[in-house]
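*Asks:* Take a look at the following structure, please.
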Amino acid sequence: MDKEFEIKTILYATDLGDNTRPIFRAALSLARAYEASIIMVHVVEPMSSAMQAVVDTYLPEGEAEKVYKDGMKSVLNEMRIRLQKFSEEELDSPGVAAGLVKEILVVSGRVSEEIVKAANKHHADLIVMGKSSRSVFGSEVAGSSTRRVTRHTNTPVLIVPNIS
C-alpha cells in the first residue's frame with residue numbers, strides 16, 4: 001500500500017544571499033499549503049586554515065583559542081538575529097514568523113553535512129534550498145553544497161532557482 005506523501009516539517013536552508021527571499025517564499029507557500037512548519041538553517045563555515053595560521057602566528061595559544069570560540073559564538077549569534085529579522089520581515093509580523101517558523105538554527109561546519117544532519121535530526125519531510133547563480137559555459141549550475149545535499153540525503157529536496 002502506498003503511503004501518501006506528507007509534508008509536516010520543511011527544512012529551509014539559507015545563506016541569506018541576494019536571492020534568498022524568493023526561495024523563502026517558496027518554503028512559506030508550501031508550509032501554508034501543507035500546514036507544515038519550517039525550520040530555518042544557516043551554516044557558518046569555520047575559519048579557514050590560512051586565517052587560523054595568521055591568528056596562531058600573532059597570538060599566544062590560549063588567546064588564539066579564545067578568539068576562535070568567542071568569534072564563532074559572536075558570528076552565530078549575529079546570524080541568528082539576522083534570520084529572525086528576515087523571517088519577521090517576510091511575514092510582516094513579530095515573533096518567530098507567525099508560527100510557521102518553528103525553529104531557527106545557526107550552526108558551524110561544512111554546509112552540506114550540516115544541512116543533512118539538521119534534516120535527519122528534525123525529521124524533515126522536505127529540504128528547500130536555492131541553486132547557485134554561478135554560470136559555467138553560459139549555463140546555470142547547481143552549487144556544490146546543493147549537489148552534495150541531494151547526493152547525501154534521503155529527504156526530498158526542492159531546489160528553487162535563484163531569481164535576481
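The values are calculated or read from the model by the stated rules, or taken from the named source; none is laboratory data. Just so we're clear, the structure is a prediction, and the values are computed from it rather than from any experiment. Heads up, the Cβs are rebuilt from the backbone with ideal geometry, glycines too, and the neighbour counts pull from every protein chain shown. Side chains included, ligands, DNA and RNA excluded: accessible areas come from the protein's heavy atoms. Shrake-Rupley method; radii C 1.70, N 1.55, O 1.52, S 1.80 Å.
*Asks:* Is it true that LYS73 is open to solvent by 70 Å² or more (accessible area, probe 1.4 Å), modelled with pLDDT of 75 or more, out of contact with any Leu (no Cβ under 9 Å at 6 or more places or on another chain) and closer than 30 Å to LEU158 by Cβ? Step through it out loud before you land on a result.
*Replies:* Numbers: open to solvent by 70 Å² or more (accessible area, probe 1.4 Å): yes; modelled with pLDDT of 75 or more: yes; out of contact with any Leu (no Cβ under 9 Å at 6 or more places or on another chain): yes; closer than 30 Å to LEU158 by Cβ: no.
No, not satisfied.
*Asks:* Identify the residue in segment 17-36 that is farther than 14 Å from GLY99 by Cα and among the polar types (S, T, N, Q) and, among all such residues, is modelled with the lowest pLDDT.
*Replies:* Top of the filtered list is ASN19.
*Asks:* If you go through segment 123-136 one residue at a time, do you hit one that is within 18 Å of VAL41 (Cα to Cα), modelled with pLDDT under 90 and more than 14 Å from the chain's Cα centre (by Cα)?
*Replies:* no
*Asks:* Just for segment 105-122: of the residues that are outside any helix (DSSP H, G or I) and under 10 Å from the mean Cα position of the chain (by Cα), which one is farthest from GLU45 (Cα to Cα)?
*Replies:* So the residue we want is LEU105.
*Asks:* For segment 26-45, give me the residue count where each residue is exposed (fewer than 13 other Cβ atoms within 10 Å of the Cβ) and either touching an Asp or Glu at 6+ places or on another chain (Cβ under 9 Å) or within 20 Å of VAL111 (Cβ to Cβ) (or both). It would help to see each step written out before you state the result.
*Replies:* Filtering segment 26-45 for residues exposed (fewer than 13 other Cβ atoms within 10 Å of the Cβ) gives 29, 32-33, 35, 45.
From the residues that got through so far, the ones that are either touching an Asp or Glu at 6+ places or on another chain (Cβ under 9 Å) or within 20 Å of VAL111 (Cβ to Cβ) (or both) too are 45.
Total satisfying the criteria: 1.
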